[in-house]
1. Per residue, how large is the accessible surface of segment 274-328? Use a 1.4 angstrom probe and give square angstrom.
2. Rounded to the nearest 0.05, what FRET efficiency is calculated for residue 469 and residue 157 with R0 set to 60 Å and r the Cβ-Cβ distance?
3. What whole-number value in Å² describes the accessible area per residue of segment 53-145 for a 1.4 Å probe?
4. Please report the carbon-and-sulfur percent of the accessible area for segment 15-325; probe 1.4 Å, protein heavy atoms only, DNA, RNA and ligands left out.
5. Place a point 7 Å from the Cα of residue 366 along the Cα-to-Cβ direction; which residues of segment 455-476 have their backbone N under 13 Å from it?
6. Would you mind getting me the FRET efficiency between residue 14 and residue 226? Use the beta-carbon distance for r and R0 = 25 Å, nearest 0.05.
7. In whole percent, and with a 1.4 Å probe on the protein chains, what portion of the accessible area of segment 382-483 is carbon and sulfur?
8. Please give the charge dipole size of the chain, origin at the Cα centre, charges +1 on K and R Cβ atoms and -1 on D and E Cβ atoms. Round to the nearest 20 debye.
Amino acid sequence: MDLFRPIYHFTPEKNWMNDPNGMVFFNGEYHLFYQHHPDGTTPGPMHWGHAVSADMVNWEHRPIALYPDENGVIFSGSAVVDWEDTTGFFGGKPGLVAIFTHHDKVPGTERVRERQSLAYSSDSGRSWVKYIGNPVLESDRFIDFRDPKVFWHPGTKRWVMILATGRSVCLYHSANLKEWTFGSEFGHNNGLNDGVWECPDLFPLPVDGDSAHTKWVMIVSVGGRAEHAEGSLTQYFIGDFDGQTFVNDNPAGTVLRLDYGSDNYAGVSWSDLPAEDGRRIYLAWMSNHHYCTVTPTDGWRSAMTVPRSLALASQSGSIRLIQKPVRELEILRTPILALEETSLREAHARLADLNLESFEMIAEFHSAEASDVVIKVRASDSQQTVIGYKSEHNEIYLDRTRSGLIGFQENFAVIHSVKLEEESELIKLHVFVDRSSVEVFVNDGIAVITDLIFPDTAATGLGLYDSKDGGAKLRRLELYQLS
Ligand code: FRU
């Protein structure tokens, strides 16, 4: 039985998956590697699973790329195109280099050891050779020392690595990916610091599309928060980076959340997208360390979010990260409904007879007349997932307390909400529903809520309600089946 297997979100063919790894674009292909335990549906000795795609939507599963070896199991990391053959691995041609964490124990002890290593591929990721000089970076200071994300820094003409180091990140640089020099450390009292930092990323983006005004975004996942009801989550920082040191624009205490749901973790961005594409595309593991090992799926476990294009937007004098589902997802669409300037009551009547399990909805309503608006998805007599707007608090929420199977972990049946920082005349909700997830992009991606749900296959109803007897005004409603 595979009732929760998503229609259009990436999942492993079988067994366990967590973080996306080694995301790189090369020779017309998007590569997605991932943390994988091929012998069970819970974590075990980690490998890098592999898939390739021409569009980030249709994926082809490939054989396992990296197996554990004498240096340990293979934890998270990144991959780059070594265009100039700085490593000397490729006889002057471009090739792929994976930079990952080897995780093991100091021989003869129970002490965990994490060290960074390389593997390279001369055949577009089909086969990989581990570098004979592994590991290339170790530490006698940090026990948590993992998840290298590497990129080329044009300003200093060298490679930069951002690495998770406990409750901080460290930045290193290198001319050849083999020898690394420490640059700086960032973290501790910055942002959310009540759990171990994992899977960082660092990249520049233009502000409001202005290439003359660029800021650096640092993404940091925060795990190990067993005592917090919400579990693991992802934060980001905005600042400047000179190739060595990151300077946070905001006061150290500012916490910026990348997602207000429970199920967006360990996300990073693709390397080496062509300059003419110009996008920075992000993908994350759609689960939470709180309950990832007990979700009610059969024979496989965990999915990725939809790929999201990232941008920076100024809002009330502050800069915020915005996320949009990539346009490639439109190839999945079958149009079901398109309405303009109508009442919620009218729109609800059009939805009443529909049954959809995997779909995309774009709903825009006039906030002035809106009062409280509620969208129900994956609904039946006994189940529903509710996406709502509370006008008094200018707040969007996602309620999965009656979404289906909820009892597998005590913190699963919750309501997630985000208070919008700015008032706006229109409230826009762009919603992606699949067999076991809901992703809500609010007001062009200024806030996102990503949550898993496990509804009955029969819970496919839809509804629109408000606190004005259906009198609230919809600017637009579009509905697409996704297959
Ligand atoms: C994040 C993480 C990483 C680590 C990997 C191990 O989910 O804990 O820090 O490299 O998973 O699977």
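1. Values: 1840 Å² over 55 residues.
So segment 274-328 comes to 33 Å² accessible per residue, rounded to a whole number.
2. On the way: r = 65 Å, r/R0 = 1.08.
So the FRET efficiency works out to roughly 0.40.
3. Numbers: 4340 Å² over 93 residues.
Counting only protein heavy atoms, the per-residue value for segment 53-145 is 47 Å².
4. Values: 5550 of 11100 Å².
Ligands and nucleic acids excluded, carbon and sulfur reach 50 percent.
5. 471-476
6. On the way: r = 28 Å, r/R0 = 1.13.
My answer for the efficiency is 0.35.
7. Details: 1700 of 3820 Å².
Reported share for carbon and sulfur atoms: 45 percent.
8. Details: 42 positive and 66 negative charges, 123 e Å.
Computed charge dipole of the chain: roughly 580 debye.
The values are calculated or read from the model by the stated rules, or taken from the named source; none is laboratory data. Keep in mind the model is a prediction, meaning the values are calculated, not measured. Ideal geometry is used to build each Cβ from the backbone, glycine not excepted, and the neighbour counts take in all protein chains shown. Note: accessible area is taken over every heavy atom of the protein model, side chains too, but ligands, DNA and RNA are not part of it. Shrake-Rupley method; radii C 1.70, N 1.55, O 1.52, S 1.80 Å.
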